[in-house]
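Worksheet: the structure to be examined is printed underneath.
The values are calculated or read from the model by the stated rules, or taken from the named source; none is laboratory data. Quantities reported herein were computed from a predicted structural model and do not represent experimental measurements. Please note: Cβ atoms are built from the backbone with ideal geometry, for glycine as well, and neighbour counts cover all protein chains shown. Note: accessible area is taken over every heavy atom of the protein model, side chains too, but ligands, DNA and RNA are not part of it. Shrake-Rupley method; radii C 1.70, N 1.55, O 1.52, S 1.80 Å.
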Amino acid sequence: MTSPAVHQGLQIPAAGVTLEADVVVPDPASGVVLFAHGSGSGRHSPRNRQVVGELQRAGLATVLADLLTPEEEQLDARTGALRFDIGLLAGRVAALTDWLVDREQTADLGVGLFGASTGAAWAAATTRPASVEAVVSRGGRPDLAGGLLRLVRQPVLLIVGERDPTVLDLNRRAMAELGGETRLEIVPGSSHLFEEPGALEQVARLARDWFVGHLQPVPRRT
């Protein structure tokens with residue numbers, strides 16, 4: 001019997017700062033998906049929220065966290081200095097992954113990373129190979145992950161809009177470098193932000209199916 005999902009607004013210590021996060025855990029949950037994104041696409045992003053809803057309906061727990069503190073967001077809005085700081089963002093995604101692994105509610109769930117725009121999800125996946133089981137990238141920039149890309153061994157789904165030629169080319173090149181199972185899905189008629197009618201719904205369905213198919217339970221530690 002399914003119990004109501006637990007919705008929590010939390011402050012999570014991560015890599016020396018405290019990050020605001022919205023955590024939803026269905027009961028039972030078949031896995032947990034952590035969103036990795038840069039400035040301007042945090043936990044209040046309508047695009048992220050739409051994908052989150054589809055994942056939750058499929059029985060997946062979700063974590064939407066702001067990877068920058070409010071002060072850092074203000075700095076980045078003025079200078080653009082942090083939104084593509086992959087080392088900073090990936091370190092915080094890795095710390096949030098550790099938090100999920102150590103938390104009673106999610107300790108036995110496989111972790112998936114949903115990346116948007118930056119290369120933080122790929123970079124974090126290389127540092128947590130035992131915890132992260134799958135990655136989905138929406139309109140991602142694999143070039144920002146640099147040499148780390150070839151170290152990614154998890155199954156990776158790349159989702160790119162048909163009308164996003166530069167990012168599409170970058171993702172096609174990335175397929176030759178990624179070390180594990182890889183698939184590229186091109187959303188017809190869509191631009192970089194998937195704002196066209198039906199485009200984001202397709203992104204959400206593709207991500208749902210990838211995570212449901214690849215996230216496996218983790219034996220509890222004794």
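Just a few scattered comments:
- Accessible solvent surface per residue of the chain, calculated while the other protein chains remain in place, 1.4 angstrom probe, Å²: 44
- Sequence-separation-based contact order of region 100-164, relative, with Cα cut under 8 Å and 6+ spacing, percent: 32
- With both labels modelled 7 Å from their Cα along Cα-to-Cβ, the D169 to E195 distance reads 2.3 nm.
- FRET efficiency for L184 and R153, using Cβ-Cβ distance with R0 set to 22 Å, rounded to 0.05: 0.80
- For A134, nonlocal amide neighbours, meaning residues 5 or more places apart or on other chains whose placed amide H falls under 5 Å from its own, are L113.
- Only the Cβ atoms of Lys and Arg (+1) and of Asp and Glu (-1) were treated as charged; on that basis the dipole of the chain about its Cα centre amounts to roughly 360 debye.
- Backbone HN-Hα couplings from phi across region 131-147 [Karplus 6.51/-1.76/1.60, Hz, Gly and Pro as x]: 9, 7, 9, 7, 9, 10, 10, 9, x, x, 10, x, 4, 6, 7, x, x
- Contact order for region 85-222, expressed relative to its length and based on alpha carbon pairs under 8 Å spaced 6+ residues apart, stands at 23 percent.
- Dipole magnitude of region 101-164 about its Cα centre (Cβ charges: Lys, Arg +1; Asp, Glu -1), debye to nearest 20: 220
- Based on the convex hull around the alpha carbon atoms, the chain presents an average projected area of 11.9 nm².
- Measuring nothing but protein heavy atoms, the accessible surface of the chain at 1.4 Å probe radius is 52 percent carbon and sulfur.
- Extension gain, V17 to L75, is 19.3 nm, computed as 0.36 nm per intervening residue step minus the present C-alpha separation.
- Note on the chain: helix-only mean residue ellipticity at 222 nm, from DSSP H runs of 4+ residues weighted -39500 (n - 2.57) and normalised by residue number, equals -10500 deg cm²/dmol.
- Using Cβ point charges alone (K and R +1, D and E -1), the dipole size of region 1-115 about the Cα centre works out to roughly 340 debye.
- Residues with amide H under 5 Å from that of V152, placed H, sequence gap 5 or more: G179
- The shape of region 105-222 can be summarised by an equivalent ellipsoid whose semi-axes, obtained from the alpha carbon gyration tensor, come to 25, 17, 10 Å from longest to shortest.
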